[in-house]
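Inspection log for the structure reproduced underneath, given as C-alpha cells.
Just so you know, all these numbers are worked out from the coordinates, no wet-lab data involved. In this text, all values refer to a predicted model and were calculated from it rather than measured experimentally.
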Amino acid sequence: MKTAILTLSDKGSRGERTDASGPALVSWLAERGAETVRTAIIPDEAALIEETLRNWADSGEFDLILTTGGTGVSPRDVTPDATVKILDRLIPGFGEVMRMRSLQKTPHAMISRAVAGIRKATLIINLPGSPRGAVENLEAVWPAVPHAVEKIQGDTRDCAPPATDSAK
C-alpha cells in the first residue's frame, strides 16, 4: 500500500516545531508493510489543504492519504472542513470508531471532528496532531483500511463468503 502523510501545523510549516506525528505514522505504517512515498508539512490554511489533498489524490500515486493535525475546534483547526470539500464520498464509520476508541482514554475525544472518505481511488483519513493520538487512531481503524482500499480501487470480490445451508 502506497501512502502519503500530510501534517497540518502552522508552527511546523515555519520550522518552529519539529513534526513528531508524521515520522511516528511512517514508522507505524512501515511495520505493517505500507510504504510512505510522500510527506509534507503545510500551514492550517483550508485552501492549501484542499489543493494538496486534491492534487495528491488525483495523481493516482497513493492508495491512502493520512492527515495529522487540525481536527479539533480551535479557530485554525480546518482540516476536516477542507477534507470534506474535496471528497467524493464520506466514510463516517472511520471517524466514529476513532472517537469511540479515543473516548476510552480522554473525554476530549468528543471534540474531534476527524473525517474519512474517498476521492477517486484514494482513501483519505484525518488523524489527530499528537503522535500518540495519530497512531492510536490509525490503529483503531487499520483492520478495515486494506479492505477499504481494495474496494475503493475496484475489487469485486464478495466482502464475506456466501452463507451455507447450516448458517441460514
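The table for this structure:
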{"read-out": "Theoretical gain in end-to-end length, Thr106 to Val73 [0.36 nm per residue, Cα-Cα removed]", "value": "10.3 nm"}
{"read-out": "Full-stretch length increase - Arg54, Ala40 - with 0.36 nm per residue and alpha-carbon distance subtracted", "value": "3.6 nm"}
{"read-out": "The chain: angle of helix 46-59 to the longest principal axis, Cα-based, in degrees nearest 10", "value": "40 degrees"}
{"read-out": "Value at 222 nm in deg cm²/dmol, rounded to 500, when DSSP H runs of n ≥ 4 in the chain each add -39,500 (n - 2.57)", "value": "-11500 deg cm²/dmol"}
{"read-out": "In the chain, lysine pairs with alpha-carbon atoms under 28 angstrom apart (chain gap of 8 or more, or interchain)", "value": "10"}
